[in-house]
């Protein structure tokens, strides 16, 4: 799972190894190669030299230093974080010389000042000091630094129940175990993996880069694609569970049906139901819901659904025996899932009708379908610190550099569909991609052009959807379903489509944890407080007043919608809850409950910040899981990732009421 290199001397590379190095240098990321050279040689003048080379290349091209959105090299436009060709070539030439001698590490983790310079050079951007602690952790150079002093071990009766064995649940299990807390994970399905065990539809894949969409403490040098397929990601999670011996504390096929806070005992009573119907009561000092926010398949109701003589399937409930060969297939949906399904089945079906009610902004991204070259995988495994720097680049270029994108510039937005000049860059990229993809199909371009600002919904990276729409056996409809018949569907524009199979790529219901019967102090139910997930609010997106020692991970307004991925939320929330539990242990408390005024003040700040974004700003009507029925954004976090990460380093004790054991 982790790199195989060691910090000892590797000796000179001869024979096949030298050939491997040459192949790796030819295809590997130059920024990570350069940083590996610094670690191997301990020669900090390499940083000086290539900072100068980069500055000269920028000066010659007239590009601004440290731009976050790419530079110009002569007449060649460079993507964000890309080295000018002449600098990249110089790095490769030097790497083959330097790394061909030996791979002994002479510089391990540098001090923070040098690390910041190295990070800026590696990413070809500016990196401010405030980002350094976050980057050290997220790149895998160090594990999360504990903030609450650890002088006391958790008592034997301090049990923690974790609900869900997906990305956050496994993370919580690992970190709770390392901190000495007894825990049990209950997983309703018969497999770990959360969404990646559930979503098995053709083409299911992660739309965040592989080398970043993983635990920072468990890097994987063997990803076969730059964006992992669902099966490959599930295999990664299984490997993590086995490595950390988690299965012994995971009860599969066991659903949590209720959790009730018992004040006199200062404990949660959690009721589970196993696959055989057995109902069991458990007690715990704390409960962690690791369920994500999108849980139940969103299956819309249409007149005539029961009359259909073919098969209707939802992508989250894909049947293993479904054979689409030669079938007439209708796909309803326009988000990431539909965009993955359509190109994955187009070669099998007789005809495919894609019914799109509200198209997303779709941008090109070659890496979505690209394999990682074997040479670069060799570099991940063998070159010291190469994969840490590769991960840092993957995170950095898709995180807070994108923070301005969904923010409103009122003067610009008053006269443009886009929200700001930088938001317009995304829109123009998507529009150019549409034009290139369908130069002679104005009808398709019109149907695929959204009427809302970029980032109001998720930006979609194209895995081949546009190419599939140009196939002779594919038809695009800008509509929805009006009625389903025994032999097909009628769309809202009156078109009848004959069908053997209907695929609903319609996503999930936004529920957070409210579908579990969770009862806090004074008999208050979380589902009532949150209106069954329609209006959830929490302190830091994690804690709710009146529900002591309950940690709702991936809760309301905690999603990094401007960039990065769910994995950073996973690590932030787990770090925070472990710090909270350790504080209880250190101070001899049995429970912590966030003060109502702290929760209210935090959510006022959330709403004020969101009001300056495309997620909340008045404009074209937008539906989707970002907003609730009243139009309030309930999923996006309004802060930069570095800001939210910093908020979650340790509990602010004055915002809580603490209770001692009775």
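The values are calculated or read from the model by the stated rules, or taken from the named source; none is laboratory data. All values derive from a computational prediction rather than experimental measurement. Every residue, glycine as well, gets a Cβ built from its backbone with ideal geometry; the counts of neighbours run over all protein chains shown.
Structure above, values below:
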item	result
Qualifying residue in segment 340-360 (condition: closer than 15 Å to residue 208 by Cα and in contact (Cβ under 8 Å) with a residue 60 or more places away in the chain)	yes
Scan of segment 202-241 for residues that are assigned to a loop (DSSP other than H, G, I, E, B) and more than 21 Å from residue 561 (Cα to Cα), ordered by number	202, 203, 217, 218, 219, 220, 221, 222, 223, 224
Residues (part of a helix (DSSP H, G or I) and over 30 Å from the mean Cα position of the chain (by Cα)) located in segment 580-595	584, 585, 586, 587
Residue match in segment 552-561 (condition: within 24 Å of the chain's Cα centre (by Cα) and either part of a helix (DSSP H, G or I) or over 30 Å from residue 212 (Cα atoms) (or both))	no
Search result, residues across segment 312-339 that are closer than 18 Å to residue 507 by Cα, in a loop (DSSP other than H, G, I, E, B) and touching a residue at least 12 places away in the same chain (Cβ under 8 Å)	318, 333, 334, 335
In segment 607-617, residue modelled with the lowest pLDDT [restricted to those that are closer than 16 Å to residue 537 by Cβ and assigned to a loop (DSSP other than H, G, I, E, B)]	616
Given (1) outside the structural domain of residue 496 (by TED's automatic domain parsing); (2) under 23 Å from the mean Cα position of the chain (by Cα); (3) outside any helix (DSSP H, G or I), index of the condition residue 359 fails	(1)
Failed item, numbered, when residue 309 is tested on (1) touching a strand residue (DSSP E or B) at 6+ places or on another chain (Cβ under 7 Å); (2) in a loop (DSSP other than H, G, I, E, B)	(1)
Residue in segment 252-267 that is in contact with a helix residue (DSSP H, G or I) (Cβ under 8 Å, 6 or more places away or on another chain) and closer than 24 Å to residue 199 by Cβ present	no
Criterion violated by residue 144 - all others in (1) modelled with pLDDT under 95; (2) touching a strand residue (DSSP E or B) at 6+ places or on another chain (Cβ under 6 Å) satisfied	(2)
Flag if residue 141 is surrounded by fewer than 23 Cβ atoms within 10 Å (Cβ to Cβ), within 27 Å of residue 644 (Cβ to Cβ) and either free of Cβ contacts under 8 Å to residues at least 40 places away in the same chain or in the same structural domain as residue 268 (by TED's automatic domain parsing) (or both)	no
Total residues in segment 406-428, condition in contact (Cβ under 8 Å) with a residue 40 or more places away in the chain and outside any loop (DSSP other than H, G, I, E, B)	7
Among the residues listed as 570, 514, 545, the single one being touching a helix residue (DSSP H, G or I) at 6+ places or on another chain (Cβ under 7 Å) and within 23 Å of residue 301 (Cβ to Cβ)	514
Filtered residues of segment 520-540 (kept if modelled with pLDDT of 95 or more, out of contact with any helix residue (DSSP H, G or I) (no Cβ under 8 Å at 6 or more places or on another chain) and surrounded by 23 or more Cβ atoms within 10 Å (Cβ to Cβ))	526
Verdict on residue 182 being surrounded by fewer than 19 Cβ atoms within 10 Å (Cβ to Cβ) and either in contact with a strand residue (DSSP E or B) (Cβ under 6 Å, 6 or more places away or on another chain) or in the same structural domain as residue 340 (by TED's automatic domain parsing) (or both)	yes
Residues within segment 618-632 that are under 24 Å from the mean Cα position of the chain (by Cα) and either modelled with pLDDT under 65 or in a loop (DSSP other than H, G, I, E, B) (or both), tallied	8
Single unsatisfied condition, residue 391 versus (1) modelled with pLDDT under 95; (2) closer than 19 Å to residue 228 by Cβ	(1)
Check on residue 571, at pLDDT 95 or above, part of a helix (DSSP H, G or I) and crowded, with 17+ Cβ neighbours inside 10 Å	yes
Among residues of segment 281-305, those that are touching a residue at least 24 places away in the same chain (Cβ under 8 Å) and either within 21 Å of residue 156 (Cβ to Cβ) or in contact with a helix residue (DSSP H, G or I) (Cβ under 6 Å, 6 or more places away or on another chain) (or both), counted	9
Filter result for the condition that a residue is within 30 Å of the chain's Cα centre (by Cα), at pLDDT 90 or above and surrounded by fewer than 17 Cβ atoms within 10 Å (Cβ to Cβ), over 27, 44	27
Every residue from segment 445-461 that is more than 17 Å from residue 425 (Cβ to Cβ) and at pLDDT 95 or above	445, 446, 447, 448
Within segment 85-124, tally of residues that are within 30 Å of the chain's Cα centre (by Cα) and either modelled with pLDDT of 95 or more or surrounded by fewer than 19 Cβ atoms within 10 Å (Cβ to Cβ) (or both)	17
When residues of segment 290-313 are limited to those that are closer than 25 Å to residue 553 by Cβ and modelled with pLDDT of 90 or more, the one surrounded by the most Cβ atoms within 10 Å (Cβ to Cβ)	290
